[in-house]
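Everything below concerns the one structure shown next.
The values are calculated or read from the model by the stated rules, or taken from the named source; none is laboratory data. Remember, it's a predicted structure, so these values are computed and weren't measured experimentally. Here the Cβ positions follow ideal geometry from the backbone for every residue, glycine too, while neighbour counts run over all protein chains shown.
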Amino acid sequence: MNISVALIDELDSALKIGSTVRRIEMLQRITNLFVSGAANFTEQQTRLFDDIMRRLVSHIEARAIAELSERLAPIPTAPVGIIQRLAWDDAIEISGPVLANSDRLTDRELVRIAETKSQAHLAKIATRARVSEAVTDVLVDRGDSEVANKVAANAGARFSETGILQLVMRAEDDDRLAETIGGRSDVPASMFRQILMRATEEVRQRLLAAAKPDAKQAIMKTLTEISARVKESVTSRDYAEAKRFIGSLGREPEKIKTHLLALANDRKSAELIAGLSVIAAVPIELVERLVHDSNVLGMLVLCKAVGLDWATVCAIILARPAANGSGRLDEIWAPYLKLSRASAQRVLRFWQAHQKFA
């Protein structure tokens, strides 16, 4: 199928002297022509449609552009240039359809959009049929409660270990999110336990009611363990002396870092907590809670965020009061190795911003 020279001339005329109505009519004709033969056009022909559409949308009203977005979004061979132009539009009625449905947007493009655009844009991306780990990392990091719930409820979304961890942390203050994450089949057992430990009794019962028969027994066992466990409240101690000791080591975090291994080996818990607080530049209450938490994942995030070597990490893990619940060190080596420092720092920033300290 050829696009006639007469049609190109008509386009030029519409752009130069035509009214808005005429330009809209022109766009509709071009769109109809493309949609009717999209599967048969060559790459060169598709690029020509791309150029024409981009020229037209620069001269027409938003309503017509939104209609174009709706029509092009589901087409797997839609012109890439116009799809990108639509995806970056600030008006969600224009960008929304392609953000939610177009396969022409790469993960790299989606990440860039998710890093800079509005919560409405993120919410649309969260509903895509498939959402990669790279994209969900940004959605979980930047998204509000609505975005977090949408992406957690999306069966086609895949999460990195840090993405799941961050969702679990957010769920502590969001019953709806806790229930949504708890219903996913890809949540690691340790994370699911964390959800149950932090969830309200109402959420626990709903998770139990919604669980498949083969999973109910495991949930009930976990709930029984949680109920039977005597939880020791972590009461912030006076760290004045420990802070003075850490201060005597110098102000440089890298210098303080060299003393952590010895502090951990000597079981000097207060000094270790104070040192980690200074190195990571986070409240001492946060480090205290991580040190006393039976789940080792949060501690791994903190250690990775400040770039500790494996020997120091092992010593810190073993020095924790909850070390007996940490599992074997060889079982946490792989997660620590896989976790990137940038991802750990992102999770730590989020935790610091949202965590409540008793």
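For region 76-100, filtered to residues that are surrounded by fewer than 18 Cβ atoms within 10 Å (Cβ to Cβ) and β-branched (Val, Ile, Thr), the residue that is farthest from GLU61 (Cα to Cα) is THR77. Looking at region 101-118, can you tell me whether even one residue there is crowded, with 18+ Cβ neighbours inside 10 Å and more than 28 Å from ILE164 (Cβ to Cβ)? Within region 101-118 (the criterion being crowded, with 18+ Cβ neighbours inside 10 Å and more than 28 Å from ILE164 (Cβ to Cβ)), the answer is yes, since at least one residue qualifies.
The set of residues in region 167-181 being surrounded by fewer than 17 Cβ atoms within 10 Å (Cβ to Cβ) and touching a residue at least 40 places away in the same chain (Cβ under 8 Å) consists of ASP173 alone.
Among the residues of region 294-348, those that are of a type outside the set (A, V, I, L, M, F, W, C) and modelled with pLDDT of 90 or more comprise LYS304, GLY307, ASP309, THR312.
For THR127, the criteria (1) without any contact (Cβ under 8 Å) to a residue 24 or more places away in the chain; (2) among the hydroxyl-bearing types (Ser, Thr, Tyr); (3) within 25 Å of ARG206 (Cα to Cα) hold in every case but one, which is (1). So is VAL140 crowded, with 20+ Cβ neighbours inside 10 Å and either out of contact with any His (no Cβ under 7 Å at 6 or more places or on another chain) or within 27 Å of ASP90 (Cβ to Cβ) (or both) or not? Taking the combined requirement at face value, the residue satisfies it.
Summed over region 50-61, the residues that are without any contact (Cβ under 8 Å) to a residue 40 or more places away in the chain and surrounded by 13 or more Cβ atoms within 10 Å (Cβ to Cβ) give a count of 5.
Does ARG184 satisfy being without any contact (Cβ under 8 Å) to a residue 60 or more places away in the chain and out of contact with any Pro (no Cβ under 7 Å at 6 or more places or on another chain)?
For ARG184, the condition - without any contact (Cβ under 8 Å) to a residue 60 or more places away in the chain and out of contact with any Pro (no Cβ under 7 Å at 6 or more places or on another chain) - is met.
Residue-level analysis places LEU68 among those that are of a type in the set (A, V, I, L, M), in contact (Cβ under 8 Å) with a residue 40 or more places away in the chain and farther than 25 Å from ARG158 by Cβ. Each residue in region 293-307 was checked for being closer than 10 Å to GLN345 by Cβ and among the charged types (D, E, K, R), and 1 of them qualify.
Within region 136-152, one or more residues are touching a Lys or Arg at 6+ places or on another chain (Cβ under 9 Å), at pLDDT 85 or above and assigned to a loop (DSSP other than H, G, I, E, B).
Among the residues of region 119-137, those that are surrounded by 20 or more Cβ atoms within 10 Å (Cβ to Cβ), out of contact with any Phe, Trp or Tyr (no Cβ under 7 Å at 6 or more places or on another chain) and not basic (Lys, Arg) comprise HIS121, LEU122, ALA123, ILE125, ALA126, VAL131, VAL135, ASP137.
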